[in-house]
Amino acid sequence: MRGLSTRWRTWRANHQRAVRLIRRLLLVAAAGVLLLTGATGASVAWIHGDAQGHLFAAADVPDAPVALVLGAKVEPDGTPSPFLAGRLEIARQLYASGKVKVVLVSGDHMNWDYDEPDGMRRWLVDRGVPAEKVVLDHAGFDTYDSCARARRVFGVRRATVVTQSFHLPRAVALCRRLGVETNGVGDDSARRFAAQWRISSTREYGASVKAAADVLSGRDPVHLGRRETGVDDALRAG
């Protein structure tokens, strides 16, 4: 009986320790959820506050020297995905209507066999935008990098940023915080791909927190590089 009583006390002590540990873990998890919820809410509020008054339809956006088109997926043959094609069509319209003079296409070309900017350039040139008016940024690995490089590498001070409408407030807010006087035009044509649109829209909550963290840290782009004169040269050419 004495052995059974000892085993019972040992089991009970272990059980109580386990319960206390679980309670602490639950409290930590709850605090983490609250912190993440607060950070997300604050980030979304900042983004929409900074973007307010700077979101336009293509026909109404003020003129700017440069359209900054943010990259998205291209197929293995370089054909833009529907989301990217929607962005490029808006840039084509802005150029054709005289609302911009140069198109800066910024996307991912980290690997030699995957080249978003070149696919974007070919799409625009095939549809009438002069090749000399399309400038390529091969290191636009995310929205922050594209905005930072537009200002620091290509010297862009005023631009119209083009992306999907759910992404547009974040793109405008980031570019403006990084020193580019920015308005934006959003594409809704890809909304017909309902599942992908919904998933991408939901991801904006997490992306908003990352955007706020990037701005607060003031990090450099993944690849900053030397100053490039492509935009300046294209603007001077008239």
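Numbers at a glance
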item: Whether segment 153-238 is rounded, prolate or oblate, judged on the alpha carbon gyration tensor where a/c under 1.5 counts as rounded; result: oblate
item: Contact order normalised by residue count of segment 55-236, Cα under 8 Å, 6+ apart, percent; result: 26 percent
item: Other-chain or far-sequence residues with amide H under 5 Å of A139's (modelled H); result: G107
item: Estimated dipole of segment 55-236 in Debye, rounded to 20 [Cβ of Lys and Arg +1, of Asp and Glu -1, Cα centre]; result: 540 debye
item: Local net charge near H48, Cβ-Cβ under 12 Å (Lys/Arg +1, Asp/Glu -1); result: -1
item: J(HN,Hα) series, segment 65-81, from Karplus relation 6.51 cos²θ - 1.76 cosθ + 1.60, nearest Hz, glycine and proline x; result: x, 10, 9, 9, 9, 7, x, 7, 4, 10, 6, x, 8, x, 5, x, 5
item: Least to most buried among T160, T79, T143 (fewest other Cβ within 10 Å first); result: T79, T143, T160
item: Cα gyration tensor category, rounded, prolate or oblate, for segment 55-236 with a/c compared to 1.5; result: rounded
item: Environment charge at E89 (Cβ cut-off 10 Å; Lys +1, Arg +1, Asp -1, Glu -1); result: +2
item: Built amide H within the under 5 Å cut-off of V161, gap 5+; result: L68, N183, G184, V185
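Taken together, the values in this text are just the output of simple stated rules run on the coordinates, not laboratory data. This structure is a prediction, so every number in the text was calculated from the model and none was measured. Here the Cβ is made from the backbone with ideal geometry for all residues, glycine too, and neighbour counts use every protein chain on show.
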